[in-house]
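Visitor: First the structure, which I've put down as structure tokens, then a few questions once you've had a look.
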Amino acid sequence: MTFESSEALAALVRSITEANPTAAAKQNSKGNTYFCDRKAYGQPTRRSMDLHPLYWDSIQQKVWSKFVHANPKPTFSAAIKYFQEDKAIPSKVFPQLGDLGRLTLTGDLVYAGVVQEPTVVEMAQAIVELDAGAIAGLRALKFLTRTWPATRGAKVEAVVEALGAIQEKMTDTFTEQEMEEAGFDLLSLEHSLCKFSRALRLNVLSKDI
């Protein structure tokens, strides 16, 4: 589903809430919770459907149509950078869209066929930049040590090596068909590492790996 304007999205939201009392009650509540889960990534944020006009204005200023129709497709790194703050635009470009949100959104654009799949180096760079769940997951699985290199380049190299080791382990354990059916790729691997570390933190899994 695509929208030609911010108003088109607003019209769809109105039609859904008008036809669904439950949706209307949740969307009109203080949390604006029917269309936007503020706890989707753990800690609650101030994300809201009310922000979509600002997002729409930002992508118009940043020439979204030209960006997504580029040939070849934008690289993974270029897409993440696209959603970062832009000094040429005086207002906040994408309010409440932080590092994790940019990574997740770029991953969605990969699956949508808009952006190129990440290389191992690009994914490692994103993981190092975020320095969160995926790093914790790699350490919990003993693919990274607790000792962190001093330079960013060395950190990226360490994560590249760790991701490569996991990929090798996966190919040794599962058939190509099994991995394809599971949707295994660098994006799902990063997500899984985050969820794994979160599960450990919540004591959902045993810490005896």
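Visitor: For the range 137-156, give me each residue that is surrounded by 13 or more Cβ atoms within 10 Å (Cβ to Cβ) and within 27 Å of Asn203 (Cβ to Cβ). Talk me through it step by step, then tell me what you get.
Guide: At the first step, the residues of the range 137-156 found to be surrounded by 13 or more Cβ atoms within 10 Å (Cβ to Cβ) are 137-141, 143-144, 148-149, 155-156.
Gly137, Leu138, Arg139, Ala140, Leu141, Phe143, Leu144, Trp148 - these are the residues of the range 137-156 that are surrounded by 13 or more Cβ atoms within 10 Å (Cβ to Cβ) and within 27 Å of Asn203 (Cβ to Cβ).
Visitor: A further question follows. Select, from Ser15, Ser91, Ser77, the only residue that is at pLDDT 85 or above, of a type in the set (S, T, N, Q), over 29 Å from Gly133 (Cβ atoms) and not assigned by TED's automatic domain parsing to the domain that holds Val128.
Guide: Details: Ser91 fails: at pLDDT 85 or above; Ser77 fails: over 29 Å from Gly133 (Cβ atoms).
Result of the check over Ser15, Ser91, Ser77: Ser15.
Visitor: Could you list, in sequence order, all residues of the range 95-112 that are within 16 Å of Ala78 (Cβ to Cβ) and in a loop (DSSP other than H, G, I, E, B)?
Guide: Ala112
Visitor: Taking the range 47-90 on its own, how many of its residues are of a type in the set (Phe, Trp, Tyr) and loosely packed, with under 15 Cβ neighbours inside 10 Å? Give the derivation first.
Guide: Just the residues of the range 47-90 that are of a type in the set (Phe, Trp, Tyr), to begin with: 55-56, 64, 67, 76, 82-83.
With the extra rule that they be loosely packed, with under 15 Cβ neighbours inside 10 Å, the set shrinks to 64.
Residues flagged as of a type in the set (Phe, Trp, Tyr) and loosely packed, with under 15 Cβ neighbours inside 10 Å within the range 47-90 amount to 1.
Visitor: Give, as residue ranges, the helices (runs of 4 or more DSSP H) completely inside the range 113-209 that count at least 3 residues that are farther than 30 Å from Met1 by Cα.
Guide: Details: elements: 120-130, 133-140, 152-173, 176-182, 186-201.
Where helices (runs of 4 or more DSSP H) fall fully within the range 113-209 and carry at least 3 residues being farther than 30 Å from Met1 by Cα, they are 120-130, 133-140, 152-173, 186-201.
Visitor: Regarding Tyr41, is this residue of a type outside the set (Val, Ile, Thr), at pLDDT below 80 and more than 20 Å from the chain's Cα centre (by Cα)?
Guide: Details: of a type outside the set (Val, Ile, Thr): yes; at pLDDT below 80: yes; more than 20 Å from the chain's Cα centre (by Cα): no.
Against the criterion (of a type outside the set (Val, Ile, Thr), at pLDDT below 80 and more than 20 Å from the chain's Cα centre (by Cα)), Tyr41 does not qualify.
Visitor: Condition test on Lys66, is it part of a loop (DSSP other than H, G, I, E, B), more than 29 Å from Leu138 (Cα to Cα), modelled with pLDDT of 80 or more and among the basic types (Lys, Arg)? Write out each step before concluding.
Guide: Numbers: part of a loop (DSSP other than H, G, I, E, B): no; more than 29 Å from Leu138 (Cα to Cα): yes; modelled with pLDDT of 80 or more: yes; among the basic types (Lys, Arg): yes.
It is false that Lys66 is part of a loop (DSSP other than H, G, I, E, B), more than 29 Å from Leu138 (Cα to Cα), modelled with pLDDT of 80 or more and among the basic types (Lys, Arg).
Visitor: When you scan the range 157-167, do you find a residue that is acidic (Asp, Glu), modelled with pLDDT of 95 or more and surrounded by fewer than 15 Cβ atoms within 10 Å (Cβ to Cβ), even just one?
Guide: The first filter runs over the range 157-167 and keeps only residues acidic (Asp, Glu), leaving 157, 161.
Narrowing the set further to residues that are modelled with pLDDT of 95 or more leaves 157, 161.
Filter once more, so that each one left must be surrounded by fewer than 15 Cβ atoms within 10 Å (Cβ to Cβ): 161.
Checked the range 157-167: at least one residue is acidic (Asp, Glu), modelled with pLDDT of 95 or more and surrounded by fewer than 15 Cβ atoms within 10 Å (Cβ to Cβ).
The values are calculated or read from the model by the stated rules, or taken from the named source; none is laboratory data. Remember, predicted model here, so these are calculated numbers, not experimental data. Quick reminder, even Gly has a Cβ in these numbers, built from the backbone with ideal geometry, and neighbours come from all protein chains shown.
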